[in-house]
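Working notes, beginning with the structure itself.
No value in this document is a laboratory result; all are computed from the given coordinates. Nothing here was measured: the structure is a model prediction, and the numbers come from that model.
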Amino acid sequence: RVRKGQLTMEERQTIITLQNVGISYRELAKKVKVLVSTVSFTIKSHSGANSDRKRSGRPKATTASEDKFLRANSFCDRQLTGQQLQAQLNSGRSKQVSVSTVKRRLRVAGLTGGVAARKPLLRRQNKRKRLAWAMKYCHWTAEDWKKVLWTDESKFEIFGSSRRIFVRCRVGERMVPQCVTSTVKYGGGSVMVWGIFAGSRVGSLYRVRCTLNQNGYHRILQHHAVPSGMPLVG
């Protein structure tokens with residue numbers, strides 16, 4: 001049965017090799033199981049290499065060195081926008097490159113855009129202390145950690161959330177109820193709560209009504225952490 005489709009490198013090599021020793025096109029087609037026209041085209045287009053020929057079509061808007069330039073600049077400053085990288089690239093070329101092209105090149109390089117993660121600022125001294133603490137207790141077992149009291153505080157919005165909410169809308173659906181988040185003028189307020197837990201057991205939840213500074217935190221530990229937490233590990 002005659003097979004259609006692109007030839008493999010091995011099949012092209014077979015056709016070229018056998019043709020050089022005098023095998024006819026018809027015999028070659030029968031051996032490789034392709035059309036005679038495919039054999040003829042393969043031999044005529046042979047240029048000494050058996051890789052695919054260069055396809056026709058519009059060439060890439062950027063060169064390999066320009067793609068490397070975009071990757072390097074993005075790695076040097078992760079906060080550079082597509083527009084800023086576009087301006088840097090276009091400053092040294094006559095034909096302008098679009099922002100979408102710049103973003104495509106970055107995606108191919110594995111650099112995708114997104115909202116930056118937020119985390120506390122840690123200086124070198126803070127990092128050293130945290131690492132030393134982790135190394136000190138790295139040998140502890142799960143049973144050891146169950147005897148430790150953990151405390152934390154969190155703020156909860158009374159109405160909605162102050163964070164951005166992402167929705168997917170079609171054209172003309174911006175004000176559709178399913179695509180809208182409700183807001184309250186001047187904000188709906190918030191509640192700060194403090195809690196404690198150990199292992200799989202939780203203690204009391206305490207509403208923080210004062211400013212949570214050093215003195216306020218010490219009062220919470222004295223009046224709530226001890227009476228609520230000790231039964232969890234006792």
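Taken over the chain, the convex hull of the Cα atoms encloses 378 Å³ per residue. Which shape class applies to segment 64-108: rounded if a/c is under 1.5, otherwise prolate when a/b exceeds b/c and oblate if not, where a ≥ b ≥ c are the square roots of the Cα gyration tensor eigenvalues? In terms of gyration-tensor shape, rounded. Pairs with C-alpha atoms separated by more than 21 Å, drawn from the list Lys60/Lys95; Lys119/Lys147; Lys119/Lys155, are Lys119/Lys147. Length available on full extension from Val193 to Ser65: 0.36 nm per residue minus the Cα-Cα distance, which gives 40.6 nm.
A cut-off of 5 Å between modelled amide H atoms, ignoring neighbours fewer than 5 places along the same chain, links Gly199 with Val148. Say we join alpha carbon atoms closer than 10 Å with springs in a Gaussian network model of the chain; which of Leu85, Leu106, Leu18 then has the biggest fluctuation? Fluctuation is largest for Leu18. Ranked from largest, the principal axis spans of the Cα set of segment 10-137 equal 79, 51, 21 Å.
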